[in-house]
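Beneath this line is the structure, given in structure tokens, with notes to follow.
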Amino acid sequence: MTHDVITSVLIESKFFLIRGKQVMIDRDLAELYGVETKVINQAVKRNLERFPEEFRFQLTEDEMDELVTNCDRFNVLKHSSALPYVFTEQGVAMLSAVLRSETAVQVSIRIMNAFVQLRHFVSEQVVKTDDKTELAEIRRLLLLHIDHCDKKFSEQDRKISQIIQVLNNLLEEPKSERKIGFREEA
């Protein structure tokens, strides 16, 4: 699929709400990136540490059945033994880093822009609502997300501190007084 035909409307038509998260199915991402689904999944397997559960997760059989029932374009999954993976906004951003092609970067930018547009639309709808319960739930979810981000950043800070400590130790190690060559015996 060329860049020219990848519109935000096309991208937004590939968003699904699964487990309360806006996600994209691996095969849809592969189509947008112009690669086979297995290329995406292989790249992810080579970089699993970059894709925690909140970035990418595998659908259950029930979720896949519901997807197939609601979307005719997924009929090929009906008899598949492999359950598809789905990617959140953060997972899509990480995909562009592991796929490392100009196409992947450009498509990811368009997908990220579509996610942003969707968030703006949702936030505009929230402002229009008077339902206190709904607002309280949105507030709770935002606080959970902020807490999750804080934990993630503190974990990264800890790892960076460890790396700095190792580098400092390497810099402080005394150099060996050993000379290179043969020793003269007395």
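The values are calculated or read from the model by the stated rules, or taken from the named source; none is laboratory data. Note that the structure is a prediction, hence the values are computed from the model and not measured. Accessible surface areas use protein heavy atoms only, side chains included; no ligands, DNA or RNA. Shrake-Rupley method; radii C 1.70, N 1.55, O 1.52, S 1.80 Å.
Worth pointing out:
- Overall, the accessible surface of region 19-84 at a probe of 1.4 angstrom is composed of carbon and sulfur to the extent of 45 percent.
- Distance violations [Cα-Cα > 25 Å] among Lys14/Lys132; Lys14/Lys38; Lys14/Lys159; Lys38/Lys159: Lys14/Lys132; Lys14/Lys159; Lys38/Lys159
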